[in-house]
1. Just the ratio, please: alpha-carbon radius of gyration of the range 77-127 over 2.2 N^0.38 Å, N its number of residues.
2. In this model, which of LYS58/LYS85; LYS58/LYS142; LYS85/LYS135 are farther than 30 Å apart at the alpha-carbon?
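Every number in this text was worked out from the coordinates using simple rules, so none of it is lab data. Nothing here was measured: the structure is a model prediction, and the numbers come from that model.
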Amino acid sequence: MSTRMIRWEPFRGLNTLQEHVNRLFDDSLAGNRSGQSDLASWAPSVDIYETENELVVKADLPDMQEKDIDVRVENNTLTIRGERKFENEAHQDNYLRVERAYGTFTRSFSLPNTVNTEGIRAEYHNGVLNVRMPKREESKPKQIKIGVSGNGKK
């Protein structure tokens, strides 16, 4: 009898339906191009992790400037939008291969009710966007001290 482990992934499936539809069309259209990446759309990779005090989203956004990144929270949804522009350092005919994706992107994630949306901070450094979302005080774990009572003798 084999034992199968099931891995719980709390943020799996949080992408919007629109993103899935866009990826479906983008992937099928990209297959028609020989060795060229799709310059029109891309989705940056993200890591999402939780600590005792906050939820953190890290997004890889290389070669972007802060002014080209938009981070918003609306209706308990975190949305990261932006555009990575294709800048011709060389004449376009001189490129032998273009594998990096360029253009606009949107990533959206549903936030749990435990997040304090008023305290969200975003920092961009070395091509990585860090969005830190503190948890509400009432949702943080609390340790309860155990009192030591006498042995019952007076």
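1. Relative to the 2.2 N^0.38 Å estimate, the range 77-127 comes out at 1.74.
2. Checking Cα-Cα distances, LYS85/LYS135 exceed 30 Å.
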